[in-house]
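The values are calculated or read from the model by the stated rules, or taken from the named source; none is laboratory data. Remember, it's a predicted structure, so these values are computed and weren't measured experimentally. Here the Cβ positions follow ideal geometry from the backbone for every residue, glycine too, while neighbour counts run over all protein chains shown. Only protein heavy atoms, including side chains, enter the accessible area calculation; ligands, DNA and RNA are left aside. Shrake-Rupley method; radii C 1.70, N 1.55, O 1.52, S 1.80 Å.
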Amino acid sequence: MSAVPSTWAHTRILLRKDLVAEWRTKERLSPMVFFVLLVLLVFNFGFELGGAALWEIGPGVLWTSFVFASLFGLQRTFAAEGANDCLDGLLAAPVERGALYLAKMLGNVLFLLGVELLTLPMFGLFFNLTPGLYLLPLFVVFLLGSASVASIGTLFAAMAGHSRLREFLLPLLVLPMLIPALISCVAATGVILEGGIPGRGTELWPAELTVHVGMLGLFAVVFTTLAWMLFDFVIEE
Amino acid sequence: MISLPMSRILSIVVTLAMLVAVCAVFLYAPTERQMGDVQRIFYFHVSAALSAATAYFLVFLGSVQYLRTRADRWDRFAKVSAELGIAFSAFVLFSGPLWARPIWGVFWRWEPRLTTMLITFTIYVAYLMVRSYGEPGERTQRFAAVVGIVAFVNVPLVHYSINMWAADQQLHPPKVELDPAMLYTKLICYFTFACLFTLLMRLRLQQERQAARLEALSRRTQQ
Amino acid sequence: MELRAESVHKRFGTAVALAGVDLTAAADTHLLLAGANGAGKTTLLRLFAGLTGPTEGRVMIGGQDPRRSTAQRWRLGLLSHQTLLYDDLTAAENLRFFGGLYGLGVETVSSALVAVDLADHAEAKVGGFSRGMKQRLALARATLHTPEVLLLDEPFTGLDRRSARTLSTRLLERTRQPGVSSVLVTHNVEEAAQFVNRVIILRGGRVVCDEPWSARDGALLQALCDHHQEVPR
């Protein structure tokens, strides 16, 4: 009679629950998108964007806004489980702790990816970006970049509620640890944006991209695996 | 307790070794032809960097062991190692610019190894913050251990990516044939720092052990 | 299913919640965990639910650590004074979600809603429910998979008399099934008398009283608890 669903089935159910709740409340996506818009605005006054410097500072501006917005989103990872002690309900259910991590991590990837795709047009507008097929590899960079942020971010978000540092804890841990991924994101985005320079060869996948994307993939895989293994120790009371 | 005389012997060794090392650095080692006297910083700079790297590995070791055994002594081991790692890193980050000013013309450059050291330093400061701002107890120890493990796995990635990012900024002196006197001085300094590291580690561990015992005692008397 | 605690200690930082609890409860045992605030009763219940682990000692459900074994956790049902429900989801969505985690089909959800008289509110968000309705839904959630062990952490807190009576009637239906055992943590000892057949009183993280109980007299049970909380052992 006791047919415990598989870890993957649990992950899907948990993820679907979070997506339905987010769809209904939009507690995370809307503020994050708006936040990115505000950061782009602030950067504009800091750096006078829109000039020729697009491929030099553009990728940095883009990823800085994403990372700061994602910190806000990550803070809310376990917010829904905190109300009404829902986390107790999940932990007492026959759910592997790893499934909870995977669901929350995948949820964060989807939220971040959503923010990135929704704000890219704004970025393009402010920076006078020429739209074109050369932007397609950005999707891969967004996906792996989001996975990198979410891999360690989800793990540390589970700790934040129990520290006196509260909302400080997450940036303090995530920002320095994320630097390898951030470097690759910025570098890869730079390579892609250079494709927009008029008269540049229009390869869809410039060769330099591979090393950066590879680094990102490595980061995401290593830390998702590690965090998945360590999550039991974090979530337990 | 046999640990006390051992620490005392070690302190004597460290004192003597440090004297020898300072003499070797300033009197015995020849002046480097291109950089001049400033190069003498290198002996302590590199020794401290090695000690810091060792310390970060020990944080990792202590963290893994803590999660396996849940024994408080491994937690203290990781904590003390992180403190030492930060102290030695701070020395590296301090002595590096001192050397860089006359050689590179500026105190700071975003040079791969220096940058890696700085990032690693910030990660372990964050590690100590997780400890000191957590509610005292088993949960914070667990969190710290998790951070200690993730941090250490991150170090090679930081190093690799920074190298990729700033390959053209690589300004650390490449490996050169050292004069034998320079080599001996370097080895003396390594030895001295290894002894200093071990001594500090022992003393801090003793302190922490006693603090834990004191707390356990005061808890028992309160009951 | 057998519940067992073997010399269980639990500390939170420097605070001692449990200081050596030994306890074995066979199937069909209905335990009352009583004691003052901070006596460790909720902690003991949470250990049985696998929500936390002991600092020392072992906690086992059906011979296995509930934290390690999803199969054993499958057989637990947890009902608390918190609803453990998502306010932004509807009643049916909440039950479908938890049903999914237990590998149950959609039919179970609809019959569970009928059983707690919430079929008409299936598509309404739980956030808008009254306290009594929420707690009925919480009961449906906890018993969706017909658990063999019911862990009840102050389930009547915040309910008016009528809702409390409805809840206790429905709870009794569940706990009276053969092979089911339960652990009830409550301050309100009087209403526990009809549920339990064994009384455990904790003080300072230790068991100070462990006795069978067959009377239905709530005042008598209250007197027993008061006695053990006040008189030094």
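Summing -39500 (n - 2.57) over the DSSP H runs of n ≥ 4 in chain C and dividing by its residue number, what mean residue ellipticity at 222 nm do you reach, to the nearest 500 deg cm²/dmol? About -9500 deg cm²/dmol.
Computing FRET efficiency as 1/(1 + (r/R0)^6) for C:D117 and A:R166, where r is the C-beta to C-beta distance and R0 is 60 Å, gives about 0.90. Averaging 1/r over each pair of different alpha-carbon atoms in chain B and inverting the result gives 19.2 Å, the Kirkwood hydrodynamic radius. Projected over all directions and averaged, the alpha-carbon convex hull of the stretch A:93-134 occupies 4.2 nm². Can you pull out the GluC sites (Glu not before Pro) in the stretch A:35-142 whose DSSP state is coil and whose Cβ has at most 10 other Cβ atoms within 10 Å? Listed in order of number, the matching sites are A:E48.
Nearest 5 is fine: what % of DSSP beta bridges in chain C come out antiparallel, could you say? Of those bridges, close to 55 percent are antiparallel.
To the nearest ten degrees, helix C:106-115 and the longest principal axis of the Cα atoms of chain C are 70 degrees apart. Think of a 1.4 Å ball rolled over the protein heavy atoms: the protein assembly as shown then has 44 Å² of accessible area per residue. As a ratio to 2.2 N^0.38 Å, the alpha-carbon radius of gyration for chain C is 1.00.
Sort out for me the Cα centre separation of the stretch C:75-97 from the stretch B:180-208, rounded to whole Å. Measuring centre to centre over Cα atoms gives 59 Å. The contact between chain A and chain B removes approximately 2700 Å² from the accessible area (both sides summed; 1.4 Å probe; ligands, DNA and RNA excluded).
In chain A, the DSSP-assigned H stretches of four residues or longer account for a calculated mean residue ellipticity at 222 nm of -26000 deg cm²/dmol, using -39500 (n - 2.57) per stretch and the full residue count as denominator. So if R0 is 51 Å, what FRET efficiency would C:E56 and B:L178 give, r being the distance between their Cβ atoms, rounded to the nearest 0.05? So, using R0 = 51 Å, E works out to roughly 0.40. Only protein atoms count toward the accessible area here, which uses a 1.4 Å probe; on the stretch A:3-236, the carbon and sulfur part of that area reaches 70 percent. Per the accessible-area calculation with a 1.4 Å probe, the total area buried between chain C and chain A rounds to 2800 Å². At a Förster radius of 60 Å, what calculated FRET efficiency corresponds to the Cβ-Cβ distance of A:T130 and B:V38, to the nearest 0.05? Plugging the Cβ-Cβ distance into 1/(1 + (r/R0)^6) gives 0.75. Its residue count N fixes a reference of 2.2 N^0.38 Å for the protein assembly as shown, and the Cα radius of gyration divided by that reference is 1.15.
From helices alone, chain B scores -28500 deg cm²/dmol at 222 nm; the rule is -39500 (n - 2.57) for each run of n ≥ 4 DSSP H residues, then divide by the residue total. Comparing the full protein assembly with the isolated chain (1.4 Å probe, heavy atoms, ligands and nucleic acids excluded), the residues of the stretch A:94-133 losing at least 40 square angstrom of accessible area are A:P94, A:R97. Taking the Cα of C:K125, stepping 7 Å toward and past its beta carbon, and measuring to each backbone N in the stretch A:71-100: which are under 16 Å? The answer is A:80-81, A:83-84, whose backbone nitrogens lie closer than 16 Å to the label point.
For B:T116, the accessible area of its heavy atoms, probed at 1.4 Å with every protein chain present, is near 10 square angstrom.
Between A:P176, A:W205, A:A92, the Cα set farthest toward the positive side of the dipole of the stretch A:3-236 (charges on each charged residue's Cβ, about the Cα centre) is that of A:A92. Site pair B:W110 and B:A216 shows an inter-label distance of 5.0 nm when each label is modelled 7 Å from Cα along Cα→Cβ. Spin-label model, A:E208 to C:R165: label points 7 Å out along the Cα-to-beta-carbon direction sit 7.9 nm apart.
Projecting the alpha carbon convex hull of chain A along each direction and taking the average yields 14.1 nm². Does anything in the stretch B:61-78 have its amide N under 15 Å from the 7 Å Cα→Cβ label point of B:R209, and if so which residues? Those under the cut-off are B:72-78.
Between C:D65 and B:A71, the modelled label-to-label distance comes to 1.7 nm, taking each label 7 Å out from Cα in the direction of the beta carbon. With a cut-off of 14 Å between beta carbons, the residues surrounding A:S6 carry a summed charge of 0, where Lys and Arg count +1 and Asp and Glu -1. Helix C:161-175 and the long axis of chain C differ in direction by around 80°, with both axes built from C-alpha atoms.
Beta-bridge orientation, the protein assembly as shown: approximately 55 percent antiparallel, per DSSP, counting only bridges with both partners inside.
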